[in-house]
Amino acid sequence: MWGFYIEQLIHSLPFFLKGLWMTIAVSGLSLLAGTVIGFIWGIVRASRSRFAKPLIGAWVDVIRGTPFLVQIFIIFFLFPEIGIQLEAFPAAVIALTNLAACFICEIVAAGILSVPLGQKEAATSTGLNWFQQLRYVIMPQSMRVVLPPLVGQYVLLIKDSSVVSAIGVSDVTRVGWLTVQRIPQGLLVFGLVAVLYFVICYPLIQLSNRLEKRMSVGYTRGKE
Amino acid sequence: MLETFNFRVILEYMPLFLSCFFATLWLSGAGLIGSFVMGIIACGMRIGRFKLLSRIAYVYIESIRSTPLLVQLFFFYFGLPSLGLRMSEASTGILALTLNSGAYMAEIIRAGVQSIPHGQVEAAVSSGLNYFQRMRCVILPQAIGVTLPPMLGQAIVLVKDSALLSLISLPELTRAGQIMTSERFMPAEGFLTSAVFYLVIYYFLKWLTHWSQRRLIYMQT
Amino acid sequence: MIEFKDVHKWFGELHVLKGINLKVESAEVLVVCGPSGSGKSTLIRCINRLERIQKGELIIDTMKVHDSKANMTKLRAEIGFVFQQFNLYPHMTALQNVTLAPMKVRKTPKKEAEDQGRYVLEKVGLADKLHQFPAQLSGGQQQRVAIARGLCMRPKIMLFDEPTSALDPEMINEVLEVMRNLAREGMTMIVVTHEMGFAREVSHRVAFMDFGELIEIAPPGEFFAHPKSERTKLFLSKILTH
């Protein structure tokens, strides 16, 4: 009997791969846009601006304090109420981009603030303007502190993307959910889904760990 | 849109929201306790002396970390019945939360215990304290101080994760929003109210984190 | 009181103690000096078995430390150890730091332990800091608490592993003063240190170690004025010209 189910599962493989592609598409777009927006917000958060900084801070706090599922429901159901017709896929990308931007914003801000103040002072003393300081002195140094958690955050966001299945986006989780209605073998079906996520996420986690080790070389103290 | 925001309906549904609020609290709480216990066991296996146990714990932790909670939840919800295990939705939900969060707890505890400078152990050993005395008086109190903030962070994550339990029809805060959407076609009122309740829990946990950090400030060596 | 008989120790491939033969008498103050990596820290860490020896015998007051069956709890209760990095318990006050071992190891009742604790903390000059946490104390004060912690067990031997090396210069003296008083009272002490002034004034003998070997050992007068080995002379010339 198990053999029968496995056979059915293998027949469904193309659907799973399509779902996997959808997961990659949603995650990829959101991570890309989220990174760009996140960096901009992060730079603002690390600055001394009086309006944008607390505003972004409040927004980020709200996003971090509420479940992603609720956020995606709000976006999906809210936009039509204010007149914008939204399909599942764009709603998902918007919600995930926002989530990504908020978490990446905090990582980037922390990274920038970790660069010793003396660096900024040295750069100012040589006459570099604000933008040049950021581009040539601050950001390159903050990357050391930003990169490992950034990759870690990407993994978290790829996992969070599974939630978009709740509004009908045909990602690999939703394919699993649909398949299990036909093939009532939850262990096999979601075992397969899990393996597919694992294949993407585990290497990224290893990358993040390796980055963390590489980035701390040369900055560890001598004897301890 | 604000003119059409129906506060009266929210008040009408308040009993539902309140009961779902408490459901969220107790589901998250059960998950927190379960995952704490799970975390100690897994961490003990991971940093213990037996290679086999360490490897099992490693596989457990890495599998959890590389797969989404929703998939794990569906795995148990749809999978356990086929093994003959009929569990209530609540039990399945708490099981998934416990196993998921337990892996992260294990890593938090591990980081905490390993961050205690070896000199502390040496000082305790030099005074003649035995293993249990060392653990109880020197290592564990310091480990708790170090791990408390990340554990509170994990508590925040658990509360947000509990929202996924609405997808297996468990009555909790997100489900309350879904019910309001399906019964009254008012998703904005429904989910925004849910969001507000979640934020209440979030800000409380954040305050708790700051308060505990101020209490433990003498721990800064 | 303490006897090393042909003691050897390896860290993996590295031979850190090469055939140490040493006898330390009761009430003797021995200073051990030498360059980094000479094994001097390892030497005293073997005494309370923070490190284990692989060859030879190490006997303390008739107890054989090298024997696996030795009662280390009993032995460690008789030995006080002061670390370079203090290693005070940050989550406990000075008094609690000092009374933990007496209460748990010697099973001293709390009231008695606190009285003893107050006494030793007074002795090291910190009577007013009983209820302060290590983070509220200066380095010199922390190290003095660490010494009090060792003393509260009423040990027969006090071991010091570079006690002043992690201190700012202005705090070194307050710690050395405490150690001087201890020596005057007849405590058996082995001190690994670079403080040659202390060695000259207080010690009964000075030992020089290099590359795991005990090169030379002599009373301070002889040691500083007429070092016998070339390596000792080289070390002294480097360390005494600053």
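Calculated from DSSP H runs of 4 or more alone, at -39500 (n - 2.57) each and per residue, what is the 222 nm mean residue ellipticity of the protein assembly as shown, nearest 500?
Working: 26 runs with 433 residues, N = 687.
For the protein assembly as shown, the value works out to -21000 deg cm²/dmol.
Report the GluC sites (Glu not before Pro) located in region A:77-147 that are in a DSSP loop and have at most 13 other Cβ atoms inside 10 Å of their Cβ, or state none.
Details: sites: A:Glu81, A:Glu87, A:Glu106, A:Glu121; in loops: A:Glu87.
Those that pass, being in a loop and sparsely packed, are A:Glu87.
For region C:147-230, give the percent of accessible area contributed by carbon and sulfur heavy atoms, probe 1.4 Å, rounded to a whole number.
Values: 1690 of 3400 Å².
C and S fraction of accessible area: 50 percent.
Using a Gaussian network for chain B with springs between C-alpha atoms less than 10 Å apart, which of these wobbles most: B:Gly119, B:Gly177, B:Gly102?
Sorting by GNM fluctuation, first place goes to B:Gly119.
Taking 30 Å as R0, compute the FRET efficiency from the Cβ-Cβ separation of C:Asn21 and B:His118 and round it to 0.05.
Computed FRET efficiency for C:Asn21 and B:His118: 0.50.
C:Ser138: net charge of surrounding residues, Cβ under 13 Å, Lys/Arg +1, Asp/Glu -1, itself excluded? Don't skip to the answer; put the middle values down first.
On the way: positive: C:Lys129, C:Arg144; negative: C:Asp168, C:Glu170, C:Glu174.
Residues near C:Ser138 contribute -1 overall.
Go through B:Lys51/C:Lys104; C:Lys55/C:Lys156; C:Lys40/C:Lys74; A:Lys159/A:Lys213 and tell me which ones have a Cα-Cα distance over 31 Å in this structure.
B:Lys51/C:Lys104
Net charge within 12 Å of B:Gln178 by Cβ-Cβ distance, Lys/Arg positive one each and Asp/Glu negative one each, not counting B:Gln178 itself?
0
Which one of A:Ala33, A:Gln206, A:Tyr154 is farthest out on the positive end of the charge dipole of region A:2-223, using unit charges on Cβ (Lys, Arg +1; Asp, Glu -1) and the Cα centre as origin?
Of the options given, the answer is A:Gln206.
Only loop residues by DSSP count here, and only those with at most 12 other Cβ atoms within 10 Å; note down the chymotrypsin sites (Phe, Trp or Tyr not before Pro) in region A:31-139 that meet that.
A:Phe51
Please turn the phi angles of region C:94-108 into ³J(HN,Hα) values with the Karplus equation 6.51 cos²θ - 1.76 cosθ + 1.60 (θ = phi - 60°), one per residue in order, whole Hz, x for glycine and proline.
4, 4, 5, 4, 6, 8, 4, 5, x, 6, 8, 8, 8, 6, 5
Can you work out the base-10 log of I(q)/I(0) for region C:30-96 at q = 0.11, 0.22 1/Å, using the Debye formula on its C-alpha atoms alone?
-0.35, -1.05
Could you identify which residue out of A:Ser27, A:Ser208, A:Ser47 has the top mean-square fluctuation in a GNM of chain A using Cα springs shorter than 10 Å?
Between A:Ser27, A:Ser208, A:Ser47, it is A:Ser47 that shows the largest mean-square fluctuation.
In a shell of Cβ-Cβ distance under 14 Å around B:Val121, excluding B:Val121 itself, what net charge do Lys and Arg (+1) and Asp and Glu (-1) give?
Neighbourhood net charge equals +3.
Equivalent-ellipsoid semi-axes (√(5λ), Cα gyration tensor) for chain B, whole Å, largest first?
So the three semi-axes of chain B are 40, 23, 11 Å.
Over all Cα pairs of the protein assembly as shown, how is the pair count split among 10 Å bins, expressed in % and running from 0 up to the last occupied bin?
Per 10 Å bin, starting at 0, the Cα pair percentages come out as 3, 12, 19, 18, 15, 14, 11, 6, 2, 0.
Simple spin-label model, 7 Å along Cα-to-Cβ: B:Trp207 to C:Ser229 in nm?
Taking the simple label geometry, B:Trp207 and C:Ser229 are separated by 6.8 nm.
So if a site counts as exposed when it's one of the trypsin sites (Lys or Arg not before Pro), its DSSP state isn't H, G, I, E or B, and it has at most 12 other Cβ atoms within 10 Å, what's the longest stretch of chain B without one?
Longest stretch, sites excluded: B:87-221.
Projecting each Cα onto the charge dipole of the protein assembly as shown (Lys/Arg +1, Asp/Glu -1 at the beta carbon, about the Cα centre), which of C:Leu30, A:Ile104, B:Val159 comes out farthest on the positive side?
C:Leu30
Can you divide the C-alpha Rg of chain C by 2.2 N^0.38 Å and report the result to two decimal places? Before the final figure, lay out each step's value.
Values: Rg = 17.9 Å, N = 242, 2.2 N^0.38 = 17.7 Å.
Taking the Cα Rg and dividing by 2.2 N^0.38 Å, one obtains 1.01.
Could you calculate the FRET efficiency of B:Ile41 with C:Asn181 from 1/(1 + (r/R0)^6), where r is the beta carbon distance between them and R0 is 56 Å, rounded to 0.05?
It comes out at approximately 0.65.
Which GluC sites (Glu not before Pro) in region C:4-54 pass both tests, a DSSP loop state and at most 10 other beta-carbon atoms within 10 Å?
Answer by residue number: C:Glu13.
With a cut-off of 8 Å between alpha carbons and a minimum separation of six or more residues, what is the relative contact order of region B:13-220 in percent?
Details: 214 pairs, mean separation 55.8, N = 208.
Relative CO of region B:13-220 lands at 27 percent.
Per-residue HN-Hα couplings for region A:22-29, Karplus 6.51 cos²θ - 1.76 cosθ + 1.60 at θ = phi - 60°, whole Hz, x for Gly and Pro?
Running phi through 6.51 cos²θ - 1.76 cosθ + 1.60 with θ = phi - 60° gives 5, 4, 4, 5, 4, 4, x, 4 Hz.
Residues of region C:57-172: accessible area per residue at 1.4 Å, in Å²? List each step's numbers first, then the result.
On the way: 4890 Å² over 116 residues.
Accessible area per residue: 42 Å².
Using the Karplus curve 6.51 cos²θ - 1.76 cosθ + 1.60 with θ = phi - 60°, what ³J(HN,Hα) values do you get for each residue of region A:203-208, in whole Hz, with x for Gly and Pro?
My calculation for region A:203-208 gives x, 5, 5, 4, 4, 4 Hz in order.
When only alpha-carbon atoms are used, what values of Rg and Dmax, in angstrom, describe chain A?
Rg, Dmax (Cα atoms, Å): 21.4, 76.
Output the DSSP H helices from chain B with an along-axis C-alpha extent of no less than 24 Å and a mean Kyte-Doolittle hydropathy no less than -0.5.
Long hydrophobic helices here: B:7-47, B:89-114, B:140-161, B:187-215.
I'd like the interface area for chains A and B: accessible area of each alone minus the complex, both sides summed, 1.4 Å probe, protein heavy atoms only. What is it in Å² to the nearest 100?
Looking at A and B, the buried total is near 3300 Å².
Which cross-chain or sequence-distant (5 or more) residues have an amide H under 5 Å from the amide H of C:Lys228, H modelled 1.01 Å from N in plane?
Result for C:Lys228 returns nothing.
The values are calculated or read from the model by the stated rules, or taken from the named source; none is laboratory data. Keep in mind that this is a model prediction, so the values were computed, not measured. Quick reminder, even Gly has a Cβ in these numbers, built from the backbone with ideal geometry, and neighbours come from all protein chains shown. Keep in mind that these areas ignore ligands, DNA and RNA; they rest on the heavy atoms of the full protein, side chains included. Shrake-Rupley method; radii C 1.70, N 1.55, O 1.52, S 1.80 Å.
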